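Below is one structure, written out as structure tokens; the observations come after it.
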Amino acid sequence: MTLWTNDIFQVLVNHQVRQVAYVPDAGHTNLIKRCGQYDEMVSVPLTTEEEGIALLAGAWLGGDRGVLLMQSSGVGNCLNMFSLTRTCRMPLLMLVTMRGEWGEFNPWQVPMGQNTEKLLKAADILTFHVDESNRLGETTEAAARMVFEGPAAAAVLISQRIIGTKTFME
Amino acid sequence: MDLDRSNHYSLRRREVVKMLLDQRDSGLLIVAGLGAPAWDVTAAGDEALNFPLWGAMGGAVSIGLGLAIAQPTRRILVITGDGEMLMGLGSLATVSIQSPSNLAILVLDNERYGETGMQATHTAGNVDLAAVARATGFSECHNITDKKRLRSLLPKIQNGEGPSFFNVKVRAENLPLVLPPKDGAFLKDRFRVALFGSDAVR
């Protein structure tokens with residue numbers, strides 16, 4: 001398993017994150033697997049990302065901390081549901097693997113990938129763009145602190161440069 | 001689509017919700033979908049353990065699921081409308097995968113978008129929400145069209161093994177607004193303080 005996945009997993013454990021909601025992305029494969037094997041976490045696969053925003057609001061109402069894992073295209077699906085996060089001042093931690101930004105082979109990923117951070121900022125969500133893998137642990141820690149001690153809504157954007165450029169050959 | 005059909009349904013939404021919440025169990029947690037269901041629940045009593053939505057359309061069931069996972073020893077009841085449910089059909093599949101035994105979903109189905117001018121929803125056509133829930137894997141799915149059936153299913157709605165889904169056909173009618181507080185942060189904090197005490201907002 002890549003080292004940065006371990007770093008992020010450890011941060012989630014330290015912050016007592018319980019509900020792990022996700023729409024899969026290749027870049028999140030290891031983290032999804034790791035969380036799924038850990039007894040203190042409940043994995044919740046979603047049909048679309050905005051379900052995760054609502055799910056984690058319900059989780060917080062009931063006293064659970066959560067995280068939402070998705071790829072950049074999923075951020076667009078969440079936009080109206082972010083109103084729930086903001087109006088209710090819910091904590092929200094998102095880990096977003098980026099597509100459409102670094103050697104992307106699929107032009108259909110580029111429109112969302114190029115606007116992910118802009119859209120998150122427009123929704124008043126804190127963003128942390130990371131393009132060096134050794135910075136992912138500390139950045140996720142910084143984001144998680146602001147989220148759970150705030151409350152705040154924050155997204156860690158994991159650069160496509162870290163994950164590697166996808167090709168049809170893989 | 002049949003725009004006239006739901007004008008003649010015998011069940012009235014406020015009466016249905018009143019029956020559901022009469023002698024409410026003090027441990028029951030309610031998520032109410034935006035629009036009329038939130039007003040109906042509030043008409044039965046503006047309680048701290050209600051989470052009435054003013055937005056987040058399509059999210060009521062997912063909020064209920066997060067709550068049900070977090071609070072496995074409590075009963076969670078999502079009361080929402082057909083328009084709101086139609087926007088989040090995928091969330092039924094997500095509930096089915098988790099299969100929380102403490103979650104019940106009840107749709108007040110008047111076959112209309114009540115807050116926007118009573119336009120027809122898809123359930124005014126052939127869309128059967130209980131059948132959708134069954135297809136996603138819910139074992140308890142019921143269509144309810146009269147008071148006798150509602151009364152006989154009350155124990156299942158209130159305490160039966162979940163996840164369960166109840167689609168209640170109610171008359172299309174515009175009723176006087178009974179509004180819950182509008183501030184989402186207040187509603188959230190009120191709910192959490194009622195569950196966890198004042199530490200929840202410290």
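Throughout, read-outs are computed from the coordinates displayed, never taken from laboratory work. All of these numbers come straight from a predicted model, not from anything done at the bench. Note: ideal-geometry Cβ built from the backbone for every residue, glycine included; neighbour counts use all protein chains shown.
The value for region B:86-130 of Rg(Cα) / (2.2 N^0.38 Å) is 1.36. The protein assembly as shown has equivalent-ellipsoid semi-axes of 37, 22, 18 Å, by the square roots of 5 times the alpha carbon gyration tensor eigenvalues, sorted largest first. Backbone phi angles across region B:24-30, fed through the Karplus curve with coefficients 6.51, -1.76 and 1.60 (θ = phi - 60°), yield HN-Hα couplings of 4, 4, 5, x, 5, 10, 10 Hz in residue order; Gly and Pro are listed as x.
The listed peptides A:153-161, A:110-118, B:144-152, ordered by packing as a protection proxy, come out as A:153-161, A:110-118, B:144-152 (highest mean of other Cβ atoms within 10 Å first).
Only helices enter this figure: runs of n ≥ 4 DSSP H residues, each worth -39500 (n - 2.57), summed and divided by the residues of the protein assembly as shown, yield -12000 deg cm²/dmol at 222 nm to the nearest 500. Cα centroids of region A:64-100 and region B:74-91: 20 Å apart.
If you wrap the Cα atoms of region A:93-170 in a convex hull and average its projected area over all directions, you get 5.3 nm².
Peptides B:71-83, A:79-91 ranked from most to least packed give B:71-83, A:79-91, packing being the mean of other C-beta atoms within 10 angstrom over each peptide's residues. Were the residues from A:GLU149 through A:TYR38 laid out at 0.36 nm apart, the gain over their Cα-Cα distance would be 37.6 nm.
Residue by residue along A:76-82, Cβ atoms of other protein chains within 10 Å of the local Cβ number 2 on average. Globularity index of region A:1-67 is 1.07 (Cα radius of gyration / 2.2 N^0.38 Å, N = number of residues).
Please average, across the residues of A:42-49, the number of beta carbons from any other chain that are within 10 Å of each residue's own beta carbon, and give a whole number. Counting other chains' Cβ atoms within 10 Å and averaging over A:42-49 gives 5. Treating each Cα of region B:5-201 as one equal point scatterer and applying the Debye formula with no solvent, the log10 of I(q)/I(0) at q = 0.15 Å⁻¹ comes out as -0.85. Two numbers describe the Cα atoms of chain A: Rg and Dmax, which are 14.6, 45 Å.
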